[in-house]
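These notes concern the structure reproduced below.
The values are calculated or read from the model by the stated rules, or taken from the named source; none is laboratory data. Here the structure is a predicted model, which is why all the values come from computation and not from measurement. Positions of Cβ are backbone-derived with ideal geometry, glycine not excepted, and every protein chain shown enters the neighbour counts.
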Amino acid sequence: MPTVKAEEAEDEPEDLVDPQETLRDHCREQKSCVALKEKLDECNDRVNSRSKTTEMCSEELFDFMHCVDGCAAKRLFSFLK
(Lines give C-alpha, C1' and ligand atoms only; values in the text may rest on other atoms or scores of the structure.)
Protein backbone atom coordinates (compact mmCIF):
# COMPACT_ATOMS: atom_id res chain seq x y z
CA MET A 1 0.00 0.00 0.00
CA PRO A 2 2.84 2.56 0.61
CA THR A 3 3.85 2.39 -3.05
CA VAL A 4 0.42 3.69 -4.08
CA LYS A 5 0.84 6.75 -1.87
CA ALA A 6 4.30 7.38 -3.29
CA GLU A 7 2.89 7.18 -6.80
CA GLU A 8 0.10 9.58 -5.89
CA ALA A 9 2.65 12.03 -4.52
CA GLU A 10 4.58 11.87 -7.77
CA ASP A 11 1.43 12.59 -9.78
CA GLU A 12 0.63 15.77 -7.85
CA PRO A 13 1.99 18.84 -9.61
CA GLU A 14 4.24 21.02 -7.53
CA ASP A 15 3.23 24.60 -6.93
CA LEU A 16 4.86 26.72 -9.59
CA VAL A 17 5.78 30.34 -9.03
CA ASP A 18 5.38 32.71 -11.95
CA PRO A 19 8.75 34.50 -12.30
CA GLN A 20 7.05 37.48 -13.95
CA GLU A 21 4.90 38.11 -10.87
CA THR A 22 7.92 37.73 -8.61
CA LEU A 23 9.87 40.25 -10.68
CA ARG A 24 6.93 42.65 -10.80
CA ASP A 25 6.65 42.53 -7.01
CA HIS A 26 10.36 43.33 -6.77
CA CYS A 27 10.11 46.13 -9.34
CA ARG A 28 7.18 47.79 -7.56
CA GLU A 29 9.63 48.51 -4.74
CA GLN A 30 12.28 50.13 -6.96
CA LYS A 31 12.86 53.83 -6.40
CA SER A 32 11.69 55.01 -9.83
CA CYS A 33 8.51 52.91 -9.70
CA VAL A 34 7.75 53.87 -6.10
CA ALA A 35 7.64 57.54 -7.12
CA LEU A 36 5.12 56.73 -9.85
CA LYS A 37 3.07 54.60 -7.43
CA GLU A 38 2.90 57.57 -5.07
CA LYS A 39 1.60 59.78 -7.90
CA LEU A 40 -1.00 57.13 -8.74
CA ASP A 41 -2.09 56.88 -5.10
CA GLU A 42 -2.37 60.67 -4.83
CA CYS A 43 -4.53 60.75 -7.95
CA ASN A 44 -6.74 57.93 -6.69
CA ASP A 45 -7.18 59.69 -3.35
CA ARG A 46 -8.08 62.91 -5.13
CA VAL A 47 -10.61 61.18 -7.39
CA ASN A 48 -12.15 59.18 -4.55
CA SER A 49 -12.56 62.30 -2.43
CA ARG A 50 -14.85 63.91 -5.02
CA SER A 51 -18.38 62.90 -5.81
CA LYS A 52 -18.56 64.41 -9.30
CA THR A 53 -15.41 64.28 -11.38
CA THR A 54 -14.35 63.11 -14.81
CA GLU A 55 -10.71 62.55 -13.78
CA MET A 56 -9.65 58.90 -14.08
CA CYS A 57 -5.89 58.57 -13.30
CA SER A 58 -5.28 56.58 -16.49
CA GLU A 59 -2.02 58.33 -17.28
CA GLU A 60 -0.65 57.68 -13.78
CA LEU A 61 -1.67 54.02 -13.98
CA PHE A 62 -0.06 53.55 -17.40
CA ASP A 63 3.15 55.26 -16.26
CA PHE A 64 3.38 53.03 -13.18
CA MET A 65 2.66 49.81 -15.07
CA HIS A 66 5.13 50.78 -17.81
CA CYS A 67 7.82 51.24 -15.16
CA VAL A 68 7.05 47.90 -13.47
CA ASP A 69 6.83 45.94 -16.72
CA GLY A 70 9.97 47.56 -18.13
CA CYS A 71 11.92 46.70 -15.00
CA ALA A 72 10.64 43.10 -14.99
CA ALA A 73 11.28 42.59 -18.70
CA LYS A 74 15.01 43.25 -18.27
CA ARG A 75 15.43 40.07 -16.20
CA LEU A 76 12.44 37.92 -17.15
CA PHE A 77 14.07 35.85 -19.89
CA SER A 78 16.92 34.80 -17.61
CA PHE A 79 14.31 32.84 -15.58
CA LEU A 80 12.91 30.92 -18.55
CA LYS A 81 14.14 27.47 -19.43
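Structural remarks
- Scanning the stretch 50-65 for residues that are at pLDDT 95 or above and of a type in the set (G, A, S) returns a single hit, S58.
- Taking the stretch 25-52 as the range and being outside any helix (DSSP H, G or I) and touching a residue at least 12 places away in the same chain (Cβ under 8 Å) as the test, the residues that pass are R28, Q30.
- Among residues of the stretch 21-36, those that are under 11 Å from the mean Cα position of the chain (by Cα) and either surrounded by 15 or more Cβ atoms within 10 Å (Cβ to Cβ) or among the β-branched types (V, I, T) (or both), counted: 5
- If you go through the stretch 37-60 and keep only what is surrounded by 16 or more Cβ atoms within 10 Å (Cβ to Cβ) and of a type in the set (A, V, I, L, M), you end up with just L40.
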